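Colleague: Below: one structure in structure tokens.
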Amino acid sequence: MKGHSYRHVLALGLMVLGALAASAEIALNRVTVDVVLHADGSAHFTEVWDVDVDQTKHTEFYQTRPTRSIATVKDFSVSDQGREFANVGEWDSEASHKEGRCGIIPLKGGYQLCWGIGQPGHHSYKLSYTITNIIRPYGTDCVIFNSVLFQGEGLRPHSVSATISRADSVLTEDDVKVFDHSEDNTEASFEHGKFMLNTEHPMADDDYLGVHIEFANNTFGEMELFGTSSDISAEELTSPMMSDTNVGKYEESTWDKVWDFYNEWPLLTLFGILGGIIGLFYVVRKIAIALA
């Protein structure tokens, strides 16, 4: 009977360890986002994802890019440590072969940029794409750049940094009428003609890095004038998000702290949990004997 009980405890412990190990299949170490604003109202994005992949259970990554009105995503490309991926056009999430390939899924109100994960190991994915007409007129004396620069969508990067600059000239603080950013978990500064943003803590699941910048209406001289944007909501004007659905305070919960410790000391955490399970079994057994 004792052997049977011990086997149950061991099996339960291995199940817990297996679940934790499975949740740690992908470690997103760092993300950098470089945004260059162009005179025609477009913006070129370059993202670098530093990732460690332990298993191949998951087959793809994706980055959702919300867009409004006439904005479109074009010239999407992905490389991994210099290896260029083949762009397949519209992405098929059910495809049997995704390694070395990338593509786009059109969404209502945006696009999903997708690419294959590939083999286990270290990866440095470089994403490059342009969003047209992302800078939009508002009123008679203002144009705005309002964008989520990175949102984890289930992944929790240890750190995220972003830069925003102009392609045709040096960006100065005099060009900017209003600059707001996702204040929670974000440090922002202006250096050498660029806005610099950095997260101060690892991202929570619903955390994001976003900006809202208002420029004088003559800042981008080659913009097509489509008139005043009527689809800019009051929430968008006051929040560096494309919508206010994820606005919230960044608070590192107890679970976040445990998870951070696990990422730093995985074996120690797993053995501690197994020891706790065995200890709990002994306590319950002692209580059962005492009550018998």
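Colleague: Can you name the residue in the stretch 70-93 that is loosely packed, with under 12 Cβ neighbours inside 10 Å and under 24 Å from Leu149 (Cβ atoms) and, of all such residues, is modelled with the highest pLDDT?
Modeller: Within the stretch 70-93, the match that is modelled with the highest pLDDT is Asp75.
Colleague: Go through Ser189, Ser182 for me and flag whichever is assigned by TED's automatic domain parsing to the domain that holds Thr46, out of contact with any helix residue (DSSP H, G or I) (no Cβ under 6 Å at 6 or more places or on another chain) and modelled with pLDDT of 80 or more.
Modeller: So the residue among Ser189, Ser182 that is assigned by TED's automatic domain parsing to the domain that holds Thr46, out of contact with any helix residue (DSSP H, G or I) (no Cβ under 6 Å at 6 or more places or on another chain) and modelled with pLDDT of 80 or more is Ser189.
Colleague: Right, next: Any chance the stretch 100-114 includes a residue that's touching a His at 6+ places or on another chain (Cβ under 7 Å) and over 30 Å from Glu214 (Cα atoms)?
Modeller: The answer is no; no qualifying residue exists.
Colleague: Looking at Ile134, Ile105, which one is surrounded by 15 or more Cβ atoms within 10 Å (Cβ to Cβ) and touching a Lys or Arg at 6+ places or on another chain (Cβ under 9 Å)?
Modeller: Answer to the check: Ile134.
Colleague: Also: Could you grab me the full set of residues in the stretch 121-134 that are out of contact with any Ser or Thr (no Cβ under 6 Å at 6 or more places or on another chain) and in a loop (DSSP other than H, G, I, E, B)? Write out each step before concluding.
Modeller: So the first thing to find is which residues in the stretch 121-134 are out of contact with any Ser or Thr (no Cβ under 6 Å at 6 or more places or on another chain), and the list is 121-125, 127, 129, 131, 133-134.
If the condition is that a residue be out of contact with any Ser or Thr (no Cβ under 6 Å at 6 or more places or on another chain) and in a loop (DSSP other than H, G, I, E, B), then Asn133, Ile134 are the ones that fit.
Colleague: For the condition touching a Phe, Trp or Tyr at 6+ places or on another chain (Cβ under 9 Å) and more than 26 Å from Glu84 (Cβ to Cβ), what is the one hit in Asp184, Asp174?
Modeller: Just a single option satisfies the conditions, and that option is Asp184.
Colleague: So which residues in the stretch 150-160 are assigned to a strand (DSSP E or B) and surrounded by fewer than 19 Cβ atoms within 10 Å (Cβ to Cβ), if there are any at all? Show your work before the answer.
Modeller: Pass one, the stretch 150-160, residues assigned to a strand (DSSP E or B): 150-151, 159-160.
Result: Ser159, single match.
Colleague: What number goes with the only condition from (1) over 28 Å from Arg166 (Cα atoms); (2) touching a helix residue (DSSP H, G or I) at 6+ places or on another chain (Cβ under 8 Å) that Ile144 does not pass?
Modeller: Going through the list (1) over 28 Å from Arg166 (Cα atoms); (2) touching a helix residue (DSSP H, G or I) at 6+ places or on another chain (Cβ under 8 Å), Ile144 breaks only (1).
Colleague: If the requirement is being under 20 Å from Ser182 (Cβ atoms) and of a type in the set (A, V, I, L, M, F, W, C), which of these qualifies: Val148, Val143?
Modeller: Val148
Colleague: Also: For the structure I just gave you, tell me whether Pro137 is in a strand (DSSP E or B) and at pLDDT below 95.
Modeller: yes
Colleague: Here is a follow-up. Output the residue which, of all residues in the stretch 55-89 that are of a type in the set (A, V, I, L, M) and touching a strand residue (DSSP E or B) at 6+ places or on another chain (Cβ under 8 Å), is nearest to Leu28 (Cα to Cα).
Modeller: Per the stated criteria, the residue is Val78.
Colleague: Can you find a residue in the stretch 48-59 that is closer than 24 Å to Gly109 by Cβ and surrounded by fewer than 17 Cβ atoms within 10 Å (Cβ to Cβ)?
Modeller: no
Colleague: Another question, then. Checking the condition touching a residue at least 24 places away in the same chain (Cβ under 8 Å), assigned by TED's automatic domain parsing to the domain that holds Val176 and surrounded by fewer than 18 Cβ atoms within 10 Å (Cβ to Cβ), which residue from Ser147, Ser96, Ser124 passes?
Modeller: Being touching a residue at least 24 places away in the same chain (Cβ under 8 Å), assigned by TED's automatic domain parsing to the domain that holds Val176 and surrounded by fewer than 18 Cβ atoms within 10 Å (Cβ to Cβ) holds for just one of Ser147, Ser96, Ser124, which is Ser124.
Colleague: Could you check how many residues of the stretch 205-226 are modelled with pLDDT under 80 and over 15 Å from Ser161 (Cα atoms)?
Modeller: Count: 10.
Colleague: Give the residue, chosen from Ile104, Ile134, that is free of Cβ contacts under 8 Å to residues at least 60 places away in the same chain and over 20 Å from Val53 (Cα atoms).
Modeller: Exactly one residue qualifies, and that residue is Ile104.
Colleague: Would it be correct to say that Leu10 is over 20 Å from Gly154 (Cβ atoms), in a helix (DSSP H, G or I) and modelled with pLDDT under 85?
Modeller: Numbers: over 20 Å from Gly154 (Cβ atoms): yes; in a helix (DSSP H, G or I): yes; modelled with pLDDT under 85: yes.
It is true that Leu10 is over 20 Å from Gly154 (Cβ atoms), in a helix (DSSP H, G or I) and modelled with pLDDT under 85.
Colleague: Considering the stretch 161-188 alone, what residues qualify as being surrounded by fewer than 17 Cβ atoms within 10 Å (Cβ to Cβ) and either part of a loop (DSSP other than H, G, I, E, B) or in contact with an Asp or Glu (Cβ under 6 Å, 6 or more places away or on another chain) (or both)?
Modeller: Across the stretch 161-188, the qualifying residues are Ala167, Asp168, Ser169, Val170, Thr172, Lys177, Val178, Glu183, Asp184, Glu187.
Colleague: With the requirement that a residue be over 12 Å from Tyr129 (Cβ atoms), in a strand (DSSP E or B) and acidic (Asp, Glu), what does the stretch 71-105 give you?
Modeller: Of everything in the stretch 71-105, those that are over 12 Å from Tyr129 (Cβ atoms), in a strand (DSSP E or B) and acidic (Asp, Glu) turn out to be Asp80, Glu84, Glu90.
The values are calculated or read from the model by the stated rules, or taken from the named source; none is laboratory data. Quick caveat, the model's predicted, so the values are computed rather than measured. As a convention, Cβ positions derive from the backbone with ideal geometry for all residues, glycine included, and neighbour counts pool all protein chains shown.
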